[in-house]
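Before any comments, here is the structure.
The values are calculated or read from the model by the stated rules, or taken from the named source; none is laboratory data. Remember, it's a predicted structure, so these values are computed and weren't measured experimentally. For neighbour counting, all protein chains shown are included, and Cβ atoms are generated from backbone atoms with ideal geometry for every residue, glycine included. Heads up: the accessible areas ignore ligands, DNA and RNA and are worked out on the full protein's heavy atoms, side chains in. Shrake-Rupley method; radii C 1.70, N 1.55, O 1.52, S 1.80 Å.
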Amino acid sequence: MKFQIPIGPQHPALKEPISLRMTVEGEVIRDADIRLGYNHRGLEKLAEQKTWIQNIYLTERICGICSHSHTTCYVQGVEKLMELEPPKRGLYIRTLVAELERIHSHLLWLGVAGHEAGFDSFFMYTWRDREIVMDILEIITGNRVHYGINTIGGVRRDLDEQQVKRILDSLDILRQRSEYYKHLGTNEPSFVARLAGVGYLSREDAIALCAVGPTLRASGVAMDVRKDDPYAVYDEVPFEVCTADTCDVLGRTVVRIKELFQCYNIIEFLLKNLPAGPVAVRAPRRAKPNEVVSRYEAPRGENIHYIKSNGTDKPERLKVRAPTLGNYAATIQMLKNGFIADVPLIFAAIDPCICCAERAVSLVDARTGQEKIISLNSLKSLSLKLSAGNKRKREAEWPL
Amino acid sequence: MLTKLTHWSRLKSPWILHLNTGACNACDIEVVAALTPRFDVERFGILLKATPRHADVIICTGPATRQMKDRLIRIYEQTPDPKFVIAVGACAMSGCVYRGAYNVIGGIDQVIPVDVYVPGCPVRPDAVIDGVVKLLNKLKG
Ligand code: SF4
């Protein structure tokens, strides 16, 4: 006997509006379907009406947790379009904020994972320590969440000696605390038992379904844009790509904890080797007609922005592919044959950021998880074929 | 006597429902951060609830998107009386940067009545606490 269970858009297990339809047999999930659109705001269209500079603040508000990822990705693309070379110091500060953001995001995720596993004191601990990072970010940029530090051609604020010292001091505390999490996350028997084996995603599936970020790395694939296609100053910074081979939620936890330590090392390196000089160069108001793809390793995985300019002071097209979107197909695979009680945990394990992902039309076959990429012409003919017998617009019902 | 008691308990332990109606997540994590040890609103008896049927106060973040509009109304109707709505963040007040986007209606007050507005993009957790306390003071008076 098969049942369909709808979860969301407002549901205790979900923090953001999304709707899951699950077909279950008893306790076991046989099929899952993800429905989006509750958080869609029409950002890409909005971006076409705003100037290059205004768009920095718009892209920042794509997502509140990886706000720096989106602006950096966008700004890097625009700098390429305008043929600007930001000064070294500016790039160092940009990378510094990026790594701090990764720490805050991973700590946040650890807390959420603890919460979903029923380990609420872990949640409170990590969120308490996260405040240390938030304080650092506030000192550097003046804001806790939307830093607004990127600008086209560099960053907007400089660091001084005192701030550097303060950050290094806080790093020590964070290191100590992370040691404790590492111990807890890998040794606490009930926590490990809850996470191990849940949400299995094999290495082959992870590659075939285009998973990104920690989800992919926890399946044993060492892929990281920072290493594979270094942007900013990552070609100068020594760090390792962290992987795990358990392919489950435990692996994803371990990868993130390991990455925390890498972040601390990167930050220490950046602060100790901070070059002198200006932090930004002047940017022109217009960009020549061109197009560019910019890649960035956000805390959740690879973030891609496609920007097209047409010679004016506004972009002609901005396309955002956020990491969460890349992980949806894999999530369906992970949910299949799992238990209903594991849904929040599995879903939380990709660190979903729904507001990031709410903007694409990609053809994902929910049943096989296959993504189809087709040319514009065949898409047109397909849509004509599908809509041939449809009612006229005025009479049609809203499909959702 | 009984009304006095309910009034007192309402003031001492408002339960809140956190609802994201299309926010960018920043306001949401700041609302959650208000629950964690640094800010700890639980010492005021404020508890985050997962379902609208248990809640007294709805904390809305984000602009109302067209897709979310009907759900927002439904959730508002599911909340038992007396209910209060706090609009958290510039988005919930007016639409913030998303104003003018095709899928955004505007502030929360375009859809349901709002009692308290908390400005900021994103709001600080302190501001969220301040907003809740202002609401409680309003109830007292
Ligand atoms: S007010 Fe600002 S931070 Fe809050 S949801 Fe809106 S855009 Fe995000």
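Computed values, structure above
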{"item": "Of residues in the stretch B:76-103 being open to solvent by 10 Å² or more (accessible area, probe 1.4 Å) and in contact with a strand residue (DSSP E or B) (Cβ under 8 Å, 6 or more places away or on another chain), the one farthest from B:Ala127 (Cα to Cα)", "result": "B:Asn103"}
{"item": "Inter-residue pairs, beta-carbon under 8 Å, first closer than 21 Å to B:Val116 by Cβ and within 12 Å of the ligand (Cβ to nearest atom) and in the stretch B:60-73, second open to solvent by less than 10 Å² (accessible area, probe 1.4 Å) and basic (Lys, Arg), 6+ apart", "result": "B:Pro63/A:Arg41"}
{"item": "Qualifying residue in the stretch A:27-38 (condition: within 30 Å of B:Thr51 (Cβ to Cβ), out of contact with any Asp or Glu (no Cβ under 7 Å at 6 or more places or on another chain), within 14 Å of chain B (Cβ to nearest Cβ) and crowded, with 24+ Cβ neighbours inside 10 Å)", "result": "yes"}
{"item": "Number of the exception - A:Arg21 against (1) open to solvent by 10 Å² or more (accessible area, probe 1.4 Å); (2) basic (Lys, Arg); (3) within 9 Å of chain B (Cβ to nearest Cβ)", "result": "(3)"}
{"item": "Test: residue in the stretch A:48-60 that is touching a residue at least 12 places away in the same chain (Cβ under 8 Å), of a type in the set (S, T, N, Q) and under 30 Å from A:Glu131 (Cα atoms)", "result": "yes"}
{"item": "Residues of the stretch A:21-55 classified as touching a strand residue (DSSP E or B) at 6+ places or on another chain (Cβ under 6 Å) and in a helix (DSSP H, G or I), total", "result": "2"}
{"item": "A:Val279 being closer than 20 Å to A:Arg89 by Cα and not basic (Lys, Arg)", "result": "yes"}
{"item": "When residues of the stretch B:117-134 are limited to those that are more than 9 Å from chain A (Cβ to nearest Cβ) and open to solvent by less than 20 Å² (accessible area, probe 1.4 Å), the one nearest to A:Ile65 (Cα to Cα)", "result": "B:Val123"}
{"item": "Residue in the stretch B:1-16 that is nearest to the ligand (Cβ to nearest atom), counting only those that are at pLDDT 80 or above and buried (at least 16 other Cβ atoms within 10 Å of the Cβ)", "result": "B:Ile16"}
{"item": "When residues of the stretch A:130-140 are limited to those that are touching a residue at least 24 places away in the same chain (Cβ under 8 Å), open to solvent by 10 Å² or more (accessible area, probe 1.4 Å) and within 14 Å of chain B (Cβ to nearest Cβ), the one farthest from A:Val343 (Cα to Cα)", "result": "A:Asp135"}
{"item": "Search result, residues across the stretch A:88-123 that are at the interface with another protein chain (Cβ under 10 Å from one of its Cβ atoms) and touching a His at 6+ places or on another chain (Cβ under 9 Å)", "result": "A:Phe123"}
{"item": "Filtered residue count, the stretch B:74-99, keeping only those that are among the aromatic types (Phe, Trp, Tyr) and more than 13 Å from the ligand (Cβ to nearest atom)", "result": "2"}
{"item": "Residue list for the stretch A:44-64, restricted to those being within 7 Å of chain B (Cβ to nearest Cβ) and open to solvent by 10 Å² or more (accessible area, probe 1.4 Å)", "result": "A:Lys45, A:Tyr57, A:Arg61"}
{"item": "Residue in the stretch B:23-35 that is assigned to a helix (DSSP H, G or I) and more than 16 Å from the ligand (Cβ to nearest atom) present", "result": "no"}
{"item": "Residue, farthest from A:Glu16 (Cα to Cα), within the stretch B:17-35, restricted to residues that are more than 8 Å from chain A (Cβ to nearest Cβ) and either open to solvent by less than 10 Å² (accessible area, probe 1.4 Å) or aromatic (Phe, Trp, Tyr) (or both)", "result": "B:Ala34"}
{"item": "Residues (open to solvent by 50 Å² or more (accessible area, probe 1.4 Å) and among the aromatic types (Phe, Trp, Tyr)) located in the stretch A:179-205", "result": "A:Tyr180, A:Tyr200"}
{"item": "So B:Phe44, is it more than 16 Å from the ligand (Cβ to nearest atom) and at pLDDT 85 or above", "result": "no"}
{"item": "Residue in the stretch A:144-160 that is surrounded by 16 or more Cβ atoms within 10 Å (Cβ to Cβ) and part of a helix (DSSP H, G or I) present", "result": "no"}
{"item": "Conditions (1) buried (at least 18 other Cβ atoms within 10 Å of the Cβ); (2) of a type outside the set (Val, Ile, Thr); (3) more than 13 Å from the ligand (Cβ to nearest atom); (4) under 20 Å from B:Ala55 (Cβ atoms); number of the one not met by B:Pro113", "result": "(1)"}
{"item": "Among (1) closer than 29 Å to A:Ser121 by Cβ; (2) open to solvent by 20 Å² or more (accessible area, probe 1.4 Å); (3) more than 13 Å from every other protein chain (Cβ to nearest Cβ), the one test that B:Arg53 misses", "result": "(3)"}
